[in-house]
1. Being in the same structural domain as Ala61 (by TED's automatic domain parsing), in contact with a helix residue (DSSP H, G or I) (Cβ under 8 Å, 6 or more places away or on another chain) and either within 24 Å of Val143 (Cβ to Cβ) or surrounded by fewer than 19 Cβ atoms within 10 Å (Cβ to Cβ) (or both) is the requirement here; does Gly109 meet it?
2. If the requirement is being within 22 Å of Asp128 (Cβ to Cβ) and either among the hydrophobic types (A, V, I, L, M, F, W, C) or within 13 Å of the ligand (Cβ to nearest atom) (or both), which of these qualifies: Leu75, Leu92?
3. Being in a strand (DSSP E or B), exposed (fewer than 15 other Cβ atoms within 10 Å of the Cβ) and either away from the ligand (no atom under 14 Å from the Cβ) or not aromatic (Phe, Trp, Tyr) (or both) narrows it down to one residue among Glu15, Glu8; which is it?
4. Among all residue pairs at least 6 apart or on different chains, which show Cβ distances below 7 Å where the first residue, located in the range 53-78, is assigned by TED's automatic domain parsing to the domain that holds Glu96 and touching a residue at least 12 places away in the same chain (Cβ under 8 Å) and the second is surrounded by fewer than 14 Cβ atoms within 10 Å (Cβ to Cβ) and assigned to a helix (DSSP H, G or I)?
Amino acid sequence: MTTLQQVELQCPICETRFRSQTVVSTNSFGGKHTDFHERATGTQPLPYLIHTCNRCGYSGADRDFTEEADVSPTLKERVWNELAPSITSGTLTGSEKYEAAAKIAEWQGMEARHIADLYIRAAWCTVDEGDIEAERYFRRRSVWKFVEALESFDGITRDERPVITYLVGELWRRIGDLTQACKWFGKVPKAVAEHEDPASRQWVIDAARQQRDNPREWFG
Ligand SMILES: [Zn+2]
C-alpha cells in the first residue's frame, strides 16, 4: 500500500506556491519485473515522486523544490520556452512529469545515469497508463542514456556495471530490438568478471542468459 501526504511547494522558476502529493511510505509485492520495475499494492508511488508546477512546467523530486535546486537563468528560459507552452488545464500524467524532469536534468547537465533513471521511470508509468507507443519511446530514451553512462569513464561504478549492462539488454528486448538485446546480454559475463565479488553477481549472468534464450517470452 502506498501512503501519500499533501505537501506545499514553491516553484524555484516562477515562485508559484502549489500543493502536491508526496509518498510517505510504500511497499512492493510479487518481486521485481525483469526490468526491475517494482510495483506496490493499490496506488503506484512513482507518479507522486515527481512534482510539476502547473504554471511553468518545472518538474522534479522533493529536493528540486528546495534551495538545493540548481536554477540558472538559462534553465529558467528553457522552462518558459519549452515546458510552459505544453502546460494546459488538467494534471500531467506520471510519464509526462518524468519526461519534464528528465529534460530539466539534461538542461542542468546532470549525469547520463540520472537522466536514464528518470526515463525508465517514465516508461514504468506508461505501463499503468496503458500507452504502448509512449512506453517504447521512453525505454528508448532511457537505454540511450544508460549506454552513454556505461561508455563514459566512471559513468557507472564497477559495482553496478553487471546489473546496468543486463538492464540495457533487457530494455532493448522490450523495445523489440533483439540484435541489440543479445549484444548487451552477451557483455554481462565480462562485466561480472570485472566485479570485485563476481560470485555475488552470478545471478545477473543467469538472468541475462534466460532473457537471451527466451527473447520473446517470460515477459515478467
Ligand atoms: Zn513554476
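The values are calculated or read from the model by the stated rules, or taken from the named source; none is laboratory data. None of these values were measured; they are calculated from a predicted model. No Cβ is skipped: glycine too gets one built from the backbone with ideal geometry, and neighbour counts run over all protein chains shown.
1. Working: in the same structural domain as Ala61 (by TED's automatic domain parsing): yes; in contact with a helix residue (DSSP H, G or I) (Cβ under 8 Å, 6 or more places away or on another chain): no; either within 24 Å of Val143 (Cβ to Cβ) or surrounded by fewer than 19 Cβ atoms within 10 Å (Cβ to Cβ) (or both): yes.
So Gly109 fails the test.
2. On the way: Leu75 fails: within 22 Å of Asp128 (Cβ to Cβ).
Answer to the check: Leu92.
3. Exactly one residue qualifies, and that residue is Glu8.
4. Qualifying pairs under 7 Å: Gly57/Ser86.
Results for (1) within 19 Å of the chain's Cα centre (by Cα); (2) of a type in the set (Phe, Trp, Tyr), shown as yes or no for each residue.
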residue: Asp154; (1), (2): no, no
residue: Val168; (1), (2): yes, no
residue: Trp172; (1), (2): yes, yes
residue: Gly186; (1), (2): no, no
residue: Lys190; (1), (2): no, no
residue: Glu194; (1), (2): no, no
residue: Ala199; (1), (2): no, no
